[in-house]
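Here's the structure, in structure tokens; my notes come after.
The values are calculated or read from the model by the stated rules, or taken from the named source; none is laboratory data. Owing to the predicted nature of the structure, the values given are computational and were not obtained by experimental measurement. Positions of Cβ are backbone-derived with ideal geometry, glycine not excepted, and every protein chain shown enters the neighbour counts.
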Amino acid sequence: MIVLDDFGKGYSSLGIVSKLPFDFIKIDKAFIQNSVLEEKNSLATTILTMAEKLNMQAICEGIETHEQLEYFLKNGAAIFQGFFFSKPLEKERYINLYQKNGLSEKK
């Protein structure tokens with residue numbers, strides 16, 4: 001599994017997407033935070049569409065509010081990361097939380 005992190009910033013440009021075999025594109029949180037306010041001109045929803053067309057999945061990074069989560073669910077996103085769900089956790093606390101919610105860890 002290969003993930004292109006912080007898509008749209010720095011070296012993770014549009015050109016690199018077509019050159020390397022990425023499975024996931026992680027949309028930079030700067031695009032996420034502005035999307036709800038700029039719904040009709042959202043770069044994040046454009047990236048979601050692009051990822052789908054390239055047979056990749058998009059990860060929405062920086063989800064901090066219920067409005068952001070609802071917006072991206074409505075626009076076809078399925079993978080999320082951000083303070084809305086949890087602050088960063090140490091490995092042991094993450095595993096405990098993961099198992100407490102009936103999930104199993106992939107190896």
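Some values worked out for this structure:
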| quantity | calculated |
| --- | --- |
| Matching helices (runs of 4 or more DSSP H) fully within the range 1-106 where at least 2 residues are out of contact with any helix residue (DSSP H, G or I) (no Cβ under 8 Å at 6 or more places or on another chain), at pLDDT 85 or above and surrounded by fewer than 14 Cβ atoms within 10 Å (Cβ to Cβ) | 43-53, 66-74, 91-100 |
| Single residue of Asn75, Asn55 found to be at positive phi and not hydrophobic (A, V, I, L, M, F, W, C) | Asn55 |
